[in-house]
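What follows is a short report on a single structure.
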Amino acid sequence: MTPPSHTVKPTEWRTAKRWNPFNSNKLLAHVERWKRIRRGRPIPAPALITVDPTNVCNLDCVWCNAEYIREHRNRRLSEAALLSIADFLPRWGRRDFDAFGVDAVCVAGGGEPLLNPATPAFIDKLAAHGIEIGCVTNGSLMYDHMDALAQCTWLGVSVDAGTAKTFNALKGVAESKNAFGAVLDNMSLLTDYARSHHARLGSPHPAYGISYKYLLHPENIGEVYTATKIAKEVGCKNIHFRPAGTPWDKIGTEDEIRFSEDDIALFNEQIILAQELDDDSFSVYGITHKFSEQFERANYFSKCHSLFMTGVISPPSNPNAPEDAFVMGLCCDRRGDAKLELLRDETDVEKIEAAWGGKAHWKMHDSITIADECPRCTYQPHNQIYEQVILNDSMTYKFI
């Protein structure tokens with residue numbers, strides 16, 4: 001007898017597609033890099049750096065994890081700062097022949113990255129240096145920047161809804177505006193543009209292209225299947241679902257995002273239906289492994305090691321800081337938390353490499369209390385792999 005649908009537990013992806021961008025086991029490819037993370041020794045440059053061109057946004061999502069900096073740090077990186085960062089990142093860590101350097105940049109926010117008019121030039125320069133680029137956008141401004149965006153390996157568009165009504169409600173958009181339809185049109189147009197121009201974003205590679213991003217919330221879970229049909233129709237390579245997490249500054253408050261048993265059951269039903277649309281050219285990913293079964297925090301590690309593995313360069317913290325200043329933060333989930341900012345309102349990008357792995361960096365590592373301070377951790381798998389595979393050798397990884 002087939003069990004009732006609400007008792008069926010879906011998989012995150014089809015077995016045939018286990019080698020995908022959202023499978024955290026890909027982090028094992030970085031074991032040799034991470035083995036060099038040792039106190040008192042030079043720390044390798046991170047493989048990935050996130051750059052937030054601006055803290056300004058034209059939407060107001062109910063779950064925004066950058067609300068704090070949008071309210072307190074309404075700044076953007078100058079064009080000079082962005083181009084200086086683009087020139088520095090390819091050099092960072094590559095002074096020795098066997099050194100590890102920065103391989104990829106995620107252009108994100110803080111706010112909506114395309115609200116900074118210098119973002120396309122930043123993408124152009126990164127691409128010229130051979131750095132791989134991913135970009136996260138709300139999709140509202142893509143039409144005017146297709147040439148730059150087409151150079152990305154992937155583009156994540158935060159749609160988070162399957163209808164205009166839900167889109168407007170969750171993103172603070174007036175009901176009279178057709179912002180949802182405009183975003184879908186932009187996605188379709190960029191897909192065609194990238195393919196017709198034989199750009200990287202339009203490559204037939206199964207993991208490249210446009211991803212329809214969908215943060216799960218109690219108000220949009222019922223539209224998972226509808227959104228999947230739309231994503232496939234507009235030409236996306238995949239649709240990516242994951243639960244929305246509570247921002248770091250709202251943990252323990254009445255604003256925490258909570259999911260009921262009925263919410264979880266409805267998602268399970270919806271994602272099973274959605275995965276029936278998965279085929280050779282379109283993928284459906286319901287990513288939940290960074291959460292508990294109730295979509296709550298599941299930070300099962302003792303210390304934060306990921307702050308040696310990646311970082312976030314963002315606009316200055318002080319309204320009186322120099323125009324070309326930037327902040328070098330260590331955690332994308334705690335944007336705006338001064339406790340995890342290695343450099344504040346600095347103008348010399350070379351100082352990033354000098355500070356990386358220094359005493360202040362290690363002091364931040366030592367000071368973090370995971371259970372009390374951290375929201376759902378984007379880099380939970382990094383931390384678990386570092387502790388279990390590298391420090392504890394729980395997998396005896398040398399025995400292939």
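Every read-out reported here was derived from the displayed coordinates using simple, explicitly stated rules and does not represent laboratory data. The model shown is predicted, which means the values in this text are computed figures rather than measured ones. Cβ sites come from the backbone with ideal geometry, for glycine too, and all protein chains shown count toward neighbours.
Using only the Cα atoms of region 326-400, what do you get for the radius of gyration and for Dmax, in Å?
When restricted to Cα atoms, region 326-400 yields Rg and Dmax of 15.1, 46 Å.
Net charge within 12 Å of Ile123 by Cβ-Cβ distance, Lys/Arg positive one each and Asp/Glu negative one each, not counting Ile123 itself?
Local charge sum for Ile123: -1.
Please sort by residue number the trypsin sites (Lys or Arg not before Pro) in region 81-173 whose DSSP state is loop and whose Cβ has at most 14 other Cβ atoms within 10 Å.
Sparse-neighbourhood loop trypsin sites (Lys or Arg not before Pro): Arg94, Arg95.
For Val105, what is the net charge nearby, where nearby means another residue's Cβ is under 12 Å from its Cβ and Lys, Arg count +1, Asp, Glu -1?
Local net charge: -2.
With just the Cα atoms of region 119-208, tell me how far they stretch along each of the three principal axes, in Å, largest first.
Largest to smallest, the principal-axis extents are 42, 25, 20 Å.
Rounded to the nearest 500, what is the chain's calculated 222 nm mean residue ellipticity when only DSSP H runs of at least 4 contribute -39500 (n - 2.57) each, over all residues?
Mean residue ellipticity, 222 nm, calculated: -7500 deg cm²/dmol.
In 10 Å bins starting at 0, how do the alpha-carbon pair distances of region 12-129 split up by percent?
Taking all Cα pairs of region 12-129, the binned fractions are 12, 31, 31, 24, 2 percent.
Expressed in nm², what is the orientationally averaged projection area of the convex hull enclosing the Cα positions of region 70-183?
On the way: hull surface 34.4 nm².
Result: 8.6 nm².
Quick check: Cα centre of region 195-221 to Cα centre of region 28-98, how many Å?
Comparing the Cα centres of region 195-221 and region 28-98, I get a distance of 22 Å.
Just to confirm a number: summing +1 for Lys and Arg and -1 for Asp and Glu over residues other than Pro44 whose beta-carbon lies under 9 angstrom from that of Pro44, what do you get?
On the way: positive: Arg33, Arg36; negative: none.
Result for the local shell: +2.
Looking at the chain as a GNM with Cα springs under 10 Å, which of Asp279, Asp192, Asp263 has the largest mean-square fluctuation?
Maximum fluctuation in the GNM of the chain, among the listed residues, is at Asp279.
Determine, for Glu350, Glu269, the number of other Cβ atoms within 10 Å of each Cβ, and report the residues in order from fewest to most.
Going from least to most buried by this count: Glu350, Glu269.
What residue among Pro375, Pro42, Trp154 has its Cα farthest toward the positive end of the dipole of region 5-391, where the charges are +1 on Lys, Arg and -1 on Asp, Glu, each on the Cβ?
Checking the options against the dipole of region 5-391, the answer is Pro42.
Would you please name the GluC sites (Glu not before Pro) within region 183-261 that are DSSP coil residues with at most 12 other C-beta atoms within 10 Å of their C-beta?
Sparse-neighbourhood loop GluC sites (Glu not before Pro): Glu254.
Report, by chain and number, residues whose modeled amide H sits under 5 Å from the one on Leu216, excluding near sequence neighbours (fewer than 5 apart, same chain).
Arg242, Ala244
Dividing the Cα radius of gyration by the Kirkwood radius, what Rg/Rh value follows for region 181-304?
1.04
Out of the DSSP beta bridges found with both residues in the chain, what percent are antiparallel (nearest 5)?
Among the beta bridges of the chain, antiparallel pairing accounts for roughly 20 percent.
With respect to the cross-link table entries Lys232/Lys303; Lys229/Lys290; Lys232/Lys398; Lys35/Lys232; Lys171/Lys290, which display a Cα-Cα separation exceeding 32 Å?
In this structure, Lys232/Lys303; Lys232/Lys398; Lys35/Lys232 lie more than 32 Å apart at Cα.
Starting from 0 in steps of 10 Å, tell me what percent of the Cα-Cα pairs of region 5-391 lands in each bin.
Percent of Cα pairs in each bin: 5, 23, 34, 28, 9, 1.
For Ala298 and Lys26, what is the calculated FRET efficiency with R₀ set at 25 Å and r taken between the beta-carbons, to the nearest 0.05?
Numbers: r = 19 Å, r/R0 = 0.77.
My answer for the efficiency is 0.85.
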